[in-house]
Every structure is written in C-alpha cells, then in structure tokens.
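Undergrad: One structure follows; several queries about it will come next.
The values are calculated or read from the model by the stated rules, or taken from the named source; none is laboratory data. None of the values given here were measured: they were computed from a predicted structure. A quick note on method: Cβ atoms are made from the backbone with ideal geometry, for glycine too, and the neighbour counts reach across all protein chains shown. Remember, those area values only see protein heavy atoms, side chains included, never the ligands or the DNA or RNA. Shrake-Rupley method; radii C 1.70, N 1.55, O 1.52, S 1.80 Å.
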Amino acid sequence: MDVIQVERIRKRFGNKDALADVSFSIPKGEVFGFLGPSGSGKTTLIKILTAQLNPTSGQASVFNQPAEMMHQSAQKMRFGILTDNSGLYERLTIEENLELYCQLYDLPKSSIDKVLQFVNLSGERKKKVNRLSKGMRQRVLLACAIIHEPELLFLDEPTSALDPVNSAHIHKGLRYLNKKGTTIFITTHDMAEAELLCNRVAILYQGQIQAIGSPKELKKHHRKNVVCVDLMNGEAYELPIDEGTADQIADWMKRGLIDTLATKEPSLGDIFIKMTGSELR
C-alpha cells in the first residue's frame, strides 16, 4: 500500500516554478530520501503533503486521502513533522514543551522519558529552550515530531546541526522507528546519511526529479564500465571491463603484482553533482 502518492505536482510562486511536474509514490514502511540543492523545492513539497500549502496543479494524497485533508485533527495524529519553521516555546523547559505535546496528543507523561532517551537529552530536560545550542534545539524539535509514534514522519534536514555522535544516535532511533513500521520521508544534504537510512532516493533539480531509485541502483547505473588496478610497484591502471582486461588481471594476480582492484563506482554525492551541477551545501 502506498502511503504517499504524488502525481504531476506543480507549485508556482510568482513567475517561478518551485516544483514542476513531480511524480512518485512511497509504499508503507519505506524510508524515502528527497535530495536537492538549497531552494530546489524540497520543503515546499513537504508543506504540500502536510496541508500547509496547496499545489498550483497536480494531485497529492497521503493515507489514500487528498493531502489537503492532513490539516484535520484525526490526520495530524498519524504523522509527525520536523521542518525549518518548526517552533518551540523559548521560555519553557524541554520537558514543559514536551508536556504540551502530550496534552495535544492525549499521551501519558511517561512518553516524555521515552522520547528524551531517543534524542539523547534525558539529562537536559529541565533546561530552558532559550539556553539551548542549535543542535540541542534540533533534537527537541525531533522529539516533538515523534513523541506520538506517528505512522508517517516528515524530516527536513533532521541532523543538519548535530555532531557525529548525536547524528549516529538519531540514525539508530530512526531505524528502530522504521523497523516498527513508521514510513519516513527525509530531506538531507548528507549523502552518507541518505545511503545509511534510505531505501530509495529522488534527486530534485529545478523543480523536477532527475533520478529516482535505491542508492545501490543509482550507483550501479552511473558506474563507469572500467576496473581500477593499483600494482605493488606504484603503477595504476583504469581498464575497460572486457576479456583482454580479465586476462591481464589474471596474469598480474599469478605474479602477485596487484595491490588493489576495484570497479569505478560513483558516490551518491558524485551522482548528485552530475545531476544538478551543484555542490552540496
């Protein structure tokens, strides 16, 4: 069953298309990565899917209902969201902010303990939000998004302000949520994060999807049909994959001359730059 369906979505602001003819679907239980340069329309699509914006044309559905229905209270219980415009009450503590979400979702206060452990903030619950670092704020916002254990989670750059230790902690938690059945829609500029978490990714550029597939499929598709050989004497070769190369490699191996042997596979970052002509930032 598809949790999200997007059909020929277009969103125009003034005389510019933020999204142009975007189509894809996300089945239940998938972690789907939406990758693109800054300003490419990633956040705009999340806002359409969560009924914060209406598309100029096209159709989007979530849970087999029109996306504009997601503003209803019953539907809000089913998804969580972390975007760049998510907010917190600055003068309240972390715990007090989460208590408000418990009231909103009719949850027991014990939910706070669980979610603070998830985001690695159990010992910081009494700190006021206006005294938090950017990374800590990001983790509190994530806690607010997942405290009700939603069926669907929208994450817009969830680890952009986190150090490697806390990013790894969050990644572990997201894999746990996904294993329990949560479908995750994530935007990220971290290609290692996309490879680690995502079943499939879509690369967005100038409002259109340039490529879509699993990280493994995309790297295989864009892989050069060559093999790279480094010899013990320091010589290096990039050879076509054919019968003659196989014979040459076999000869080098018999003589113990090969140091390393590998196909020339691009990283997701390489593919991103090729598709968009943009550096990750």
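Undergrad: Considering each residue of segment 89-117, count those that are in contact with a Leu (Cβ under 8 Å, 6 or more places away or on another chain) and in contact (Cβ under 8 Å) with a residue 40 or more places away in the chain, and give that number.
TA: 5
Undergrad: Let me ask another. Considering (1) in contact with a Gly (Cβ under 7 Å, 6 or more places away or on another chain); (2) without any contact (Cβ under 8 Å) to a residue 24 or more places away in the chain; (3) not hydrophobic (A, V, I, L, M, F, W, C), say which one R175 fails and leave the rest.
TA: For R175, the exception is condition (1).
Undergrad: Here is a list of conditions, (1) over 29 Å from E68 (Cα atoms); (2) open to solvent by less than 80 Å² (accessible area, probe 1.4 Å), and L98 meets all of them except one; can you say which number that is?
TA: (1)
Undergrad: Still on this model: For segment 29-86, which positions are over 20 Å from P158 (Cα atoms) and among the polar types (S, T, N, Q)?
TA: The answer is N54, T56, S57, Q59, S61, N64, Q65, Q72, S73, Q75.
Undergrad: Determine, yes or no, whether I184 is open to solvent by less than 10 Å² (accessible area, probe 1.4 Å) and not in a helix (DSSP H, G or I).
TA: It is true that I184 is open to solvent by less than 10 Å² (accessible area, probe 1.4 Å) and not in a helix (DSSP H, G or I).
Undergrad: Filtering segment 112-142 down to residues that are farther than 19 Å from K172 by Cβ and of a type outside the set (D, E, K, R), which residue is surrounded by the fewest Cβ atoms within 10 Å (Cβ to Cβ)?
TA: Checked segment 112-142; the qualifying residue surrounded by the fewest Cβ atoms within 10 Å (Cβ to Cβ) is S133.
Undergrad: Hand me the list of strands (runs of 3 or more DSSP E) wholly inside segment 187-250 holding 1 or more residues that are aromatic (F, W, Y). Let's see the steps before the verdict.
TA: Details: elements: 200-205, 208-213, 224-231, 236-240.
The qualifying strands (runs of 3 or more DSSP E) are 200-205, 236-240.
Undergrad: Can you find, within segment 264-281, the residue that is modelled with the lowest pLDDT among those that are outside any loop (DSSP other than H, G, I, E, B) and either open to solvent by 70 Å² or more (accessible area, probe 1.4 Å) or in contact with a His (Cβ under 8 Å, 6 or more places away or on another chain) (or both)? Steps first, answer last, please.
TA: Initially, segment 264-281 is screened for residues outside any loop (DSSP other than H, G, I, E, B), giving 264, 268-276.
Now drop any that are not either open to solvent by 70 Å² or more (accessible area, probe 1.4 Å) or in contact with a His (Cβ under 8 Å, 6 or more places away or on another chain) (or both), which leaves 264, 270-271, 274.
Details: K264: 80, D270: 89, I271: 90, K274: 87.
Per the criteria, the residue is K264.
Undergrad: Shifting gears a bit: Could you list all residues from segment 1-55 that are more than 22 Å from I273 (Cα to Cα), surrounded by fewer than 15 Cβ atoms within 10 Å (Cβ to Cβ) and either free of Cβ contacts under 8 Å to residues at least 12 places away in the same chain or of a type in the set (S, T, Y) (or both)?
TA: Matches in segment 1-55: F13, G14, N15, K16, S25.
Undergrad: Let me ask something else about it. Here are some conditions: (1) open to solvent by 20 Å² or more (accessible area, probe 1.4 Å); (2) assigned to a helix (DSSP H, G or I); (3) in contact with a Ser or Thr (Cβ under 6 Å, 6 or more places away or on another chain). V165 meets all but one. Which one does it not meet?
TA: (3)
Undergrad: Which condition breaks for A74 when tested against (1) open to solvent by 60 Å² or more (accessible area, probe 1.4 Å); (2) within 28 Å of G277 (Cα to Cα); (3) of a type outside the set (S, T, Y)?
TA: (2)
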